[in-house]
Amino acid sequence: MEHVSTRGEAPVLDFRGATLAGLAADGGLYVPARWPRLEPSEWRALAHLDYAATAVRLLEPFIGSALETPILERLVREALATFAHAAVTPLVQLDHRHWLLELHHGPTLAFKDIALQLLGRLFAQFTREDPQPLVIVGATSGDTGSAAIRAVAGLPGLRIVMLHPLGRVSDVQRRQMTTVEAANVVNVAVEGTFDDAQAMVKRVLADPAARARHRLTAVNSINWARLVAQTVYYAYAAVRLGAPERPVSFAVPTGNFGDAFAGFVAARMGLPIARLIVATNVNDIMTRALERGDYSRRDVAATETPSMDIQVASNFERLFFELSGRDPRATRVAMEGFARTGRLSLPPDLLAAARAIFRGRRVERDEMAEAMRWAWRAAGALVDPHTAVGLAAARAEAASLSGPIVTLATAHPAKFPETVEAITGVFPALPARAGPLFERPERCLTMPADARALLRLLDEQLQPA
Ligand SMILES: *Cc1c(COP(=O)(O)O)cnc(C)c1O
């Protein structure tokens, strides 16, 4: 399968190229040149497959000749072997309408493990004959960093340098990064904010001298391979609830709009999804975009759902491209305008196309807390604050929908124990698979918020192996 940039001016790449490139050279994002479609009989046949076989079946058409199927199969099985549940992403019923799709059974307790465990292995496979190591440089406000480190630790030919803002990630999140014992992992605490750390990474990735000395790449959700891996659990859940005969709705706790866009891709492939409910906290740029066509940047407010505290949803560009009928010129003009002014107005026809499948819903703190208490009371299910935002939106929209509504449970409650305890009175225990996080020694460097310090570190620590 060929992959094209949403802005139409970058080279067309195969799956391997798009995976290693991250951002396209014209500033756009890679998407497949066309959407593979499955017939109803093919969706029906998925009901007999386990998660890994479902993944191979759905990923194959995107990957094409970039990877032989037996190798894909092996990488998928190895990635999923790190999950603690035999169903990988089990469904839990809450009442006659509502279900949770638990995406947090991976090693770092958030859904990002599902895509990153595979992405790390794809990176290693795609670069295994290259003499120079591939260096993954990233900045994290929590969940992505820990999932990426766990995915890459110990893999041959890969190094990872992960920056986090000093003192601004939770203890569990920090220890999930700093207690990983692997020679190819470097943790850096930056004396600054997440935005400072992110700016340092961008500077280094754009630095020609650094790129000449090191082979650098990124792992944030602009990476197409991450999104395609996330389409799998939509299909896996929907066929278990009666698709393709019975359309299913999903409520998605949303930040960068990667997860919700993966659901949209599943729909483009022919999976009958009734509604995708995009649930945001008060940082509601995606809700405003999908309800009123108002995609405009505002200041970020810190909330108890930090993984959704964003003001620019990177994957909105992929949605715009699709809604515009895959018009790269219109997409480029719209996104360049947004970069200049911080505002973008969805034209009425594009908004109508979006609303054929999406609903946006902003969830206040009290509604989040009420949904968390309801799940505990109604079904004995302890959910994390991000999941509770999704569930609150699902419950609010239920009356206007028919059929089952699946809320994506994006993190384990033990990742955010203080908030869960404050709301429900129950302190969620850390699952055994998290390991003795609080007993292991931490390994972490500290540096000022200065891109030159990061460049020096790359030169000193990452001598070619
Ligand atoms: C990353 C994350 C989200 C947001 O997902 P996007 O793909 O960025 O929309 C929601 N919940 C949790 C727990 C996360 O880690």
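The values are calculated or read from the model by the stated rules, or taken from the named source; none is laboratory data. Computed from a predicted model, the values in this text were never measured in an experiment. Neighbour counts run over all protein chains shown; Cβ positions are idealised from the backbone, glycine included. Heads up: the accessible areas ignore ligands, DNA and RNA and are worked out on the full protein's heavy atoms, side chains in. Shrake-Rupley method; radii C 1.70, N 1.55, O 1.52, S 1.80 Å.
Can you list the helices (runs of 4 or more DSSP H) found entirely within the range 193-283 that contain at least 3 residues being under 14 Å from Trp43 (Cβ atoms)?
Output list reads 224-240, 258-268.
Only residues that are within 16 Å of the ligand (Cβ to nearest atom) and not in a strand (DSSP E or B): list them for the range 136-163, please.
Result: Thr140, Ser141, Gly142, Asp143, Thr144, Gly145, Ser146, Ala147, Ala148, Ile149, Arg150, Ala151.
Which of the residues spanning the range 228-260 are within 15 Å of the ligand (Cβ to nearest atom) and of a type in the set (Asp, Glu)?
Residue satisfying the conditions is Asp259 alone.
Looking only at the range 82-135, count every residue that is touching a Phe, Trp or Tyr at 6+ places or on another chain (Cβ under 9 Å), farther than 30 Å from Arg373 by Cβ and either modelled with pLDDT under 95 or part of a strand (DSSP E or B) (or both) and tell me the total.
So the count comes out to 1.
When the range 303-341 is examined, which residues are found to be over 16 Å from Ser221 (Cβ atoms) and of a type in the set (D, E, K, R)?
Selection gives Glu304, Glu322, Arg326, Asp327, Arg329, Arg332, Glu336, Arg340.
State whether one or more residues within the range 47-56 are more than 17 Å from the chain's Cα centre (by Cα), within 22 Å of Val239 (Cβ to Cβ) and among the charged types (D, E, K, R).
yes
Please identify the pairs in which a residue from the range 349-372 that is without any contact (Cβ under 8 Å) to a residue 60 or more places away in the chain and closer than 13 Å to Ala388 by Cα has its Cβ atom under 8 Å from the Cβ atom of a residue that is part of a helix (DSSP H, G or I) and among the hydroxyl-bearing types (Ser, Thr, Tyr), counting only partners at least 6 apart or on another chain.
Cβ pairs passing all conditions: Met372/Thr424.
If you scan the range 378-397, which residues turn out to be farther than 11 Å from Leu94 by Cβ and either open to solvent by 10 Å² or more (accessible area, probe 1.4 Å) or away from the ligand (no atom under 16 Å from the Cβ) (or both)?
Passing the criteria: Leu382, Ala392, Ala396, Glu397.
Quick check, is Leu401 of a type in the set (A, V, I, L, M), over 17 Å from Val92 (Cβ atoms) and modelled with pLDDT of 95 or more?
So Leu401 fits the description; yes.
Are any of the residues in the range 417-425 within 15 Å of the ligand (Cβ to nearest atom), open to solvent by less than 60 Å² (accessible area, probe 1.4 Å) and at pLDDT below 95?
Yes; the residues of the range 417-425 include at least one that is within 15 Å of the ligand (Cβ to nearest atom), open to solvent by less than 60 Å² (accessible area, probe 1.4 Å) and at pLDDT below 95.
Just to be sure, is Leu58 in contact (Cβ under 8 Å) with a residue 60 or more places away in the chain, under 22 Å from Tyr30 (Cβ atoms) and assigned to a helix (DSSP H, G or I)?
Yes: the conditions hold for Leu58.
Which one of Ser307, Ser314 is in a helix (DSSP H, G or I), within 16 Å of the ligand (Cβ to nearest atom) and either surrounded by fewer than 17 Cβ atoms within 10 Å (Cβ to Cβ) or among the polar types (S, T, N, Q) (or both)?
Among Ser307, Ser314, only Ser307 is in a helix (DSSP H, G or I), within 16 Å of the ligand (Cβ to nearest atom) and either surrounded by fewer than 17 Cβ atoms within 10 Å (Cβ to Cβ) or among the polar types (S, T, N, Q) (or both).
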